Structures are given as C-alpha cells and as structure tokens.
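Read the structure below first, then the notes.
The values are calculated or read from the model by the stated rules, or taken from the named source; none is laboratory data. Everything numeric here is computed off the predicted structure, so don't read it as measured data. Backbone-built Cβ (ideal geometry, glycine too); neighbour counts: all protein chains shown. Accessible surface areas use protein heavy atoms only, side chains included; no ligands, DNA or RNA. Shrake-Rupley method; radii C 1.70, N 1.55, O 1.52, S 1.80 Å.
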Amino acid sequence: MIVQELVSKLRVRYDYAWVVLKGLVKTDFRLRYQGSFLGIAWSVLKPLMMFCVMYVVFGKFLRMSDGTPTYPVVLLLGISSWQFVTESTNVGLRSVVDRGDLLRKIHFPNYIVVVSATMGAFISYVINLGVVLVFALFARVHFTWRVVLLPINIIELYVVTLGLTLVMATMYVYFRDIAHIWEVFQQLVFYGMPIIYPLSYVTDRGGWYATVARLELLNPIAQSIQDIRHNFIAPDTQPTVWNQFNNTAVKMVPLIIMLLLLWLGIYLFRRNSRKFAEVM
C-alpha cells in the first residue's frame, strides 16, 4: 500500500509538471514572435540571413572554405545549431526572473521555466534542421548510415546547453550583469569554434595552429556541432574528436565536461531555487 501511494503521488506530480511544461512552452513559443508580420517564419529566416552574410564574407571574400560542394550546407547547419545554443541561453538565463510573478502565485518546480525556454528554442532548431535537409537534398548530399547517430548528437547539444542555461539562470537571479557578460563571451565562443570557418582552414597551417584547432574539439558545444555535421552532411570532410585523437581518455573529455556542466547546473539550481522568491 505504501509503495502504491508513493507511486501514485509521483505520477500525479509528474503529470502536473508535464502539463505546466507544455503550457509554458506553447505560451513562450507564441509570444516569441507575437506582433511581428512574419511570425514563426523568423525562426527560420534569422539563421538563413546570418548564413547568407557569413557565406559571402567568409566563404567568398575571405575564402574560408573547405572547397567542397557541401560546405554551404555545413555552414548553414553550424549556424542553425549555434543559433539554438544562443537562443536557449539568452532566453533561459532570464526565465526565472521573468516568470517571478508566476513562481510566487503557482507552486510548481522552478526548473520547468528554464526547461520550457530551452524547449522553445529546440522547436525552432528542429524546424531549421528541416530547412537544412531541403538544402542538403538540393546540394545532392550523399547520406550515409551515420544519420542514425544524429539524435544522439542533438541530445548531447541539448544537454550541454541546458546545463549552461541552468547555471546562468541561477546566477542571473543574484547578478544581473551575467546577461551582459554572456552577451560578450558568446561572441568569443562563437569565433573560437569551427562554425563559420572549417577546421581544416586552421589545421592546414600546421604547427601550433593545428594543435589549437584540435583542442577546440574538446569544447562540448563544438564537439556536438561537429558530430552533427559529420553524421548528417559530410563524414569525409568534417573532423571530430573521434577521428582527431587516438587516446580514448581524451576523446571522452567533451562528454565528461557535458555531464559535469549538467550536474553543476542542476546542483546550483536546486540549492538556490527556494531562495529565488526572496531574492527577487
């Protein structure tokens, strides 16, 4: 009887949390583009417009290309993946403060507001992946069996993004400067990863350039995006941590960082969530 009551209570709490999460995701997604003429189409147009600018500047003028026909699709996929990370973190870090009134009035797990922010960005990301697929078909990309690994890579990217967002959402409750610091820091991270330029552009220079380029892959965000590109579009031209290092321990570094970041985010958020209402 005791076990049945416990299971029943857990099921009720789970169902309640799921209903709240779905409601917040729908509300956030609708409000995100409310009042704009094109509405939800902006979730696709923003990465496409950014892709056009980056491709003209870096691909044509600066000639930062791997010289393959699939490079434009690879670039679009990288920009779309990075767009998901930035949209999740920029909205998610403010989610607790922005939903402060709701958290005071209705009792539900605080982490749901952060998860709902990342899920809203994830929906846009899935739509963008559909657009990338259309471009890939027009570019006559030859898909391989590695496509089946794509969901795992996407989950990895979501996990590292969620962990990072939980950490910053917790810090933002106490320090509003985090939003401005992250706005600058994300530009550094963006240009420090092989998103708008192929990794071969750096490794071909040899010496310490090649070493630094390989170390970029130890960043779990860069590793996830490169794995998505490798398995989805271009397994022959996209280097990943799995084919750049021979040491198994080194290959596991991005995964270890990802799990540690998720643990840190959950730990900090749970430890401070009860104080959020008082601080705000």
Next item on the list: Kindly list the number of the only condition in (1) surrounded by 12 or more Cβ atoms within 10 Å (Cβ to Cβ); (2) within 25 Å of residue 51 (Cα to Cα); (3) touching a residue at least 24 places away in the same chain (Cβ under 8 Å) that fails for residue 173.
Entry: (2)
Checklist line | Members of segment 176-226 that are open to solvent by less than 30 Å² (accessible area, probe 1.4 Å) and within 29 Å of residue 274 (Cβ to Cβ) | finding: 178, 179, 182
Notebook entry, point to check: Out of (1) more than 20 Å from residue 227 (Cβ to Cβ); (2) part of a helix (DSSP H, G or I), the odd one out for residue 140 is which?
Noted result: (2)
Check: Out of all the residues in segment 65-98, which are touching a residue at least 60 places away in the same chain (Cβ under 8 Å), polar (S, T, N, Q), surrounded by fewer than 22 Cβ atoms within 10 Å (Cβ to Cβ) and part of a helix (DSSP H, G or I)?
Finding: 86, 90
Notebook entry, point to check: Got a number for residues in segment 238-256 being open to solvent by 50 Å² or more (accessible area, probe 1.4 Å) and either among the hydroxyl-bearing types (Ser, Thr, Tyr) or under 30 Å from residue 72 (Cα atoms) (or both)?
Noted result: 6
Next item on the list: Mind counting the residues in segment 241-254 that are farther than 13 Å from residue 222 by Cβ and of a type in the set (A, V, I, L, M)?
Entry: 3
Next item on the list: Would you be able to say whether some residue in segment 114-128 is farther than 22 Å from residue 262 by Cβ and either within 17 Å of the chain's Cα centre (by Cα) or assigned to a helix (DSSP H, G or I) (or both)?
Entry: yes
